[in-house]
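To keep things clear, I will list the structure first and then write my remarks on it.
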Amino acid sequence: MIVYIVICFFLHIPNFLIAKNDFPIVLIHGFMGWGGQEMGDYNYWGGDNNYVKKLEQSGYKVIELSVGPVSSNWERAVEAYYQLKGGQVDYGKGHAGKYRITQKPQEKIYDGLFPDWSSENPIHIIGHSMGGQTARMLNYLLTQEIYVDENYVLKEKSSLLGESHKGMIRSITTIATPHNGTTLTEIVTKTIPFIQYFVGVAGVIGTDFYNFDLEQWNFSRKEFEPWSSYVNRMRKHIAWDTKNISAWDLSLDGAKEINSFLQVSPEIYYFSIVISTTSKREKESYHDPNEESSILIQIRSKLLGSMESYWSDGSKTDSLWYENDGVVNTISMYGPTTGENGADPIVKYDKTALIKPGKWHWIKISEMDHWSIIGHLGNYSRISRAEEYFFDHIERIINLP
């Protein structure tokens with residue numbers, strides 16, 4: 001096999017002719033997202049076009065997860081693991097003690113969507129938006145031995161946190177992921193203005209199907225509680241004043257902290273789908289949204305296109321941060337660059353070259369916004385192109401060596 005790959009490399013034979021695998025494709029939604037059994041029949045992945053159903057009809061094994069929509073990446077990653085392997089969610093004694101949450105919420109026990117998951121049966125992960133951060137966190141928790149205390153004396157006892165598992169992830173693909181945070185986090189706070197945005201995406205379904213999944217914080221929707229009351233209680237929750245929540249992980253400083261320890265693994269293939277729905281103003285550095293962007297996208301896109309933000313050390317974003325998809329700054333999507341140990345290896349994807357693990361291969365798609373890239377809120381052209389790009393990438397990862 002190695003000899004064959006080497007020959008293909010020197011003959012410039014495309015990667016899709018080299019190998020093929022049938023590993024399951026695991027989909028992880030982003031901030032304020034939902035799983036396949038929520039929101040009625042309106043699918044997060046593809047909307048009315050339902051990517052999951054189409055993939056399954058084409059013979060692919062697809063697993064769609066439903067992790068905490070506003071939870072921290074640590075808790076989302078833990079939930080992802082147990083939804084796949086099965087069992088009682090265990091966030092870790094150390095994590096639970098630090099943030100005063102329930103370590104093992106009884107509401108979160110799963111049968112397991114892929115109990116045979118192992119190094120012999122790895123998976124491909126595709127994460128949209130925050131889902132990309134969650135995928136990276138999941139790999140970290142899989143490959144590290146986590147200790148309860150900072151003195152590294154007492155090790156966590158769960159199968160995920162207390163043991164090291166190598167080779168369980170074959171590839172990680174991030175779509176419009178804020179690897180280095182988004183300057184929109186000033187409004188991604190406990191007021192959750194994205195609720196309005198979320199309702200715009202799926203308001204046709206209603207909100208009776210939606211759940212914040214914060215049982216670890218002893219927070220759940222009361223019987224017959226109106227949606228407005230549920231949201232108002234969520235806005236006032238103490239979780240928003242901690243670093244154990246999505247708002248921190250999506251911020252510039254939160255992402256920088258994550259990047260300091262979520263580094264690439266040498267055995268995993270990484271892809272970043274980079275998108276943009278803005279154009280640079282003539283004779284200016286600011287960006288404006290393209291006319292084809294939806295109204296909901298244009299409002300935020302214009303804000304991001306001229307907005308400066310600061311890290312806690314006083315440094316600030318430059319004009320490269322103005323290009324955006326309406327939610328995430330495009331420059332943040334290529335790959336992690338703000339970690340204390342330096343940037344991850346990041347290269348442009350070349351379909352004629354041999355793809356190497358351990359580095360980010362980026363693919364840029366213009367005239368595409370944060371939601372149309374997964375089949376929502378776009379015109380016919382954007383929705384059609386997004387689906388074509390998505391299924392082309394599925395072929396790309398299943399043909400990895």
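Only the coordinates and a few stated rules stand behind these numbers; no lab work does. Treat the numbers as computed from the prediction; the structure is a model and nothing was measured. So basically every Cβ, Gly included, is an ideal-geometry build from the backbone, and we count neighbours across all protein chains shown.
When the Gaussian network model of the chain links Cα atoms closer than 10 Å, the mean-square fluctuations of LEU161, LEU55, LEU65 top out at LEU55. For the pair ARG235 and SER279, label points projected 7 Å from Cα toward Cβ lie 3.8 nm apart.
Under the combined filter of DSSP loop state and at most 12 neighbouring Cβ atoms within 10 Å, segment 221-292 retains these GluC sites (Glu not before Pro): GLU223, GLU282, GLU284, GLU291.
Other residues whose C-beta falls under 14 angstrom from the C-beta of ASP288 contribute a net charge of -3, scoring Lys and Arg +1 and Asp and Glu -1.
Among SER381, SER71, the order by Cβ neighbours within 10 angstrom, fewest to most, reads SER381, SER71. Taking 0.36 nm per residue of separation and subtracting the Cα-Cα distance, full extension of the segment from PHE391 to ARG100 would add 100.5 nm.
Measuring max minus min along each principal axis, the C-alpha atoms of segment 336-401 give extents of 41, 30, 16 Å (largest first). Our analysis of segment 232-326 gives Rg over Rh at 1.04, with the two radii drawn from alpha carbon positions and Rh computed by the Kirkwood formula. A full extension of the chain between LYS157 and GLU292 corresponds to an added length of 43.5 nm, given 0.36 nm per residue minus the alpha carbon distance.
Please state the relative contact order of segment 263-354 as a whole percent: Cα pairs under 8 Å, 6+ residues apart?
Rounded, it is 27 percent for segment 263-354.
When the inverse distances between all different Cα atoms of segment 79-154 are averaged and flipped, the Kirkwood radius reads 13.9 angstrom.
Over the chain, what relative contact order in percent results from Cα pairs under 8 Å that are six or more residues apart?
On the way: 817 pairs, mean separation 77.6, N = 401.
Contact order relative to length: 19 percent.
For ASP350 and TRP311, the FRET efficiency from 1/(1 + (r/R0)^6), where r spans their Cβ atoms and R0 equals 35 Å, is about 0.60. Going by neighbour counts of Cβ atoms within 10 Å, the residues VAL70, VAL148, VAL347 line up, fewest first, as VAL347, VAL148, VAL70. Here HIS370, HIS237, HIS361 are placed in order of increasing Cβ neighbour count within 10 Å, fewest first, which gives HIS237, HIS361, HIS370.
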